[in-house]
Amino acid sequence: MEVLVVGAGVVGLAAARAFALAGHEVVVAEATELIGSGVSSRNSEVIHAGMYYPTGSLRARMCVEGRRRLYDFCASHGVPHGKPGKLIVATDERERARIETVARQGEINGVENLRLLDGAEARAMEPALACVAALWSPETGIIDSHALMLALQGDLEDRGGMVALGSPVTGLAQEGGRWRVAVAGETMEFDAVVNAAALGAQKLAAATEGYPPERVPRLVLAKGNYFGCLGRPAFSRLIYPAPVDGGLGVHVTLDLAGRMRFGPDVEWIEEEDYVVDPGRAELFYAAIRRYWPGLPDGVLVADYSGIRPKLTGPGEPAADFVIEGPADHGLPRLVNLFGVESPGLTSCLAIADEVLRVMGD
């Protein structure tokens with residue numbers, strides 16, 4: 001089977017690899033001139049353990065399974081990663097109840113080795129912290145996301161697949177039992193198509209002949225800004241506050257060189273915009289000082305931003321991943337992925353196998 005995967009982000013590359021490993025001929029069409037230049041490279045590069053997501057959801061199942069497989073993949077493919085663990089901290093009694101709820105959900109989801117700590121235990125691990133309680137997640141890690149995508153691309157190419165950069169896909173139509181694809185101003189044909197276009201997934205679905213327009217979900221853009229921090233890192237583990245509406249709160253992440261950065265926040269926007277407003281630093285100082293009161297003035301520096309391809313807006317419950325195949329929309333050999341935000345990076349290998357499954361024959 002000749003398969004086209006639209007989008008060379010981490011999920012698209014993982015799906016392409018899965019089809020190639022299953023013996024199919026695979027081409028990945030990427031609109032830009034680089035792999036993983038969108039959602040996949042504009043995040044916290046965290047390997048999530050899987051404790052936040054509702055029981056039975058794709059996000060819960062894919063994250064836990066994907067995380068276990070991702071650590072194995074990193075080890076076998078030499079992808080730089082680490083496992084510093086994470087503390088989710090409560091700064092008052094209301095937040096204590098919130099992290100206890102997260103702990104219970106994590107146990108339901110099958111997350112290993114979670115442990116609730118009192119404030120003294122948490123401060124013994126991270127003396128700069130201010131908190132009344134914390135949830136310790138030793139399975140949380142960090143990863144070089146670009147190295148991961150290069151490894152996925154390498155496996156794909158080793159099996160004869162290829163990535164076509166600068167190749168925007170603008171339309172799909174069925175003809176003679178195959179997909180006629182408008183790509184980079186030309187028309188090509190494939191047996192099957194995977195729409196893993198992230199922020200462009202809804203636009204491509206709407207440009208798919210025969211796809212029910214009422215099935216195209218709305219796209220809600222949630223921008224996440226990040227700030228770097230001057231000076232030596234105050235923490236050796238990832239530090240997360242209790243979750244907030246639309247995200248996991250302004251948290252401390254470490255890169256593989258040990259540098260400390262903060263983010264993302266949640267900024268609801270109407271159109272793509274990656275400029276980080278330095279003025280948002282004031283909001284960051286206030287949020288961070290709830291759990292790190294010793295944060296000095298003048299050390300936060302605007303760094304980068306990303307956009308989450310959400311399906312729900314402010315005040316609405318977070319939507320699950322949408323991975324829909326022929327049994328859902330009625331078109332043969334077409335899989336659409338919508339709303340694959342966090343923990344999409346962690347879940348990529350599990351999502352890839354699910355795409356292969358729902359594609360069918």
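The values are calculated or read from the model by the stated rules, or taken from the named source; none is laboratory data. Just so it is clear, the structure is predicted and the values come from calculations on it, not from any experiment. Here the Cβ is made from the backbone with ideal geometry for all residues, glycine too, and neighbour counts use every protein chain on show.
Quick test for you: out of L295, L283, pick the one residue that is out of contact with any His (no Cβ under 6 Å at 6 or more places or on another chain) and either part of a loop (DSSP other than H, G, I, E, B) or without any contact (Cβ under 8 Å) to a residue 12 or more places away in the chain (or both). Steps first, please.
On the way: L283 fails: either part of a loop (DSSP other than H, G, I, E, B) or without any contact (Cβ under 8 Å) to a residue 12 or more places away in the chain (or both).
Selected residue: L295, the only one of L295, L283 that is out of contact with any His (no Cβ under 6 Å at 6 or more places or on another chain) and either part of a loop (DSSP other than H, G, I, E, B) or without any contact (Cβ under 8 Å) to a residue 12 or more places away in the chain (or both).
Within segment 71-106, the residues that satisfy the criterion of being under 17 Å from S137 (Cα atoms), touching a residue at least 60 places away in the same chain (Cβ under 8 Å) and under 20 Å from the mean Cα position of the chain (by Cα) are Y71, H81, G82, P84, G85, K86, L87, I88, V102.
Go through segment 186-260 and tell me which strands (runs of 3 or more DSSP E), entirely inside it, have 2 or more residues that are touching a helix residue (DSSP H, G or I) at 6+ places or on another chain (Cβ under 7 Å). Break it down stepwise before answering.
Numbers: elements: 186-190, 192-195, 220-229, 238-241, 251-254.
Hits in segment 186-260: 192-195, 220-229.
Just a yes or no: is a residue in segment 263-276 out of contact with any Asp or Glu (no Cβ under 7 Å at 6 or more places or on another chain), within 30 Å of A133 (Cα to Cα) and free of Cβ contacts under 8 Å to residues at least 12 places away in the same chain? No, that holds for no residue.
For segment 36-56, the set of residues classified as surrounded by fewer than 22 Cβ atoms within 10 Å (Cβ to Cβ), in contact with a Ser or Thr (Cβ under 8 Å, 6 or more places away or on another chain) and among the small types (G, A, S) consists of S41 only. When the residues of segment 36-51 are filtered to those that are polar (S, T, N, Q) and in a loop (DSSP other than H, G, I, E, B), the one that is farthest from C74 (Cα to Cα) is S37. Under the condition of being farther than 17 Å from G224 by Cβ, in a helix (DSSP H, G or I) and within 14 Å of the chain's Cα centre (by Cα), the residues counted in segment 303-348 number 2. Does any residue of segment 181-200 turn out to be more than 29 Å from D255 (Cα to Cα), within 21 Å of the chain's Cα centre (by Cα) and modelled with pLDDT of 95 or more? Yes, segment 181-200 has at least one match. When the criteria are applied in full, G330 meets the requirement of being assigned by TED's automatic domain parsing to the domain that holds A16 and within 13 Å of R215 (Cα to Cα).
For the condition closer than 17 Å to A242 by Cβ, surrounded by fewer than 20 Cβ atoms within 10 Å (Cβ to Cβ), basic (K, R) and modelled with pLDDT of 95 or more, what is the one hit in R104, R94?
Details: R94 fails: modelled with pLDDT of 95 or more.
One residue alone meets the criteria, R104.
Scoring P217 on the criteria (1) farther than 23 Å from D320 by Cβ; (2) surrounded by fewer than 20 Cβ atoms within 10 Å (Cβ to Cβ); (3) at pLDDT 95 or above leaves a single failure, condition (1).
Listed here are the residues, each with its yes/no results for (1) modelled with pLDDT of 95 or more; (2) part of a loop (DSSP other than H, G, I, E, B); (3) among the hydrophobic types (A, V, I, L, M, F, W, C); (4) not assigned by TED's automatic domain parsing to the domain that holds A151.
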site	(1), (2), (3), (4)
A14	yes, no, yes, no
A31	yes, yes, yes, no
L34	yes, yes, yes, no
Y53	yes, yes, no, yes
D72	yes, no, no, yes
I88	yes, no, yes, yes
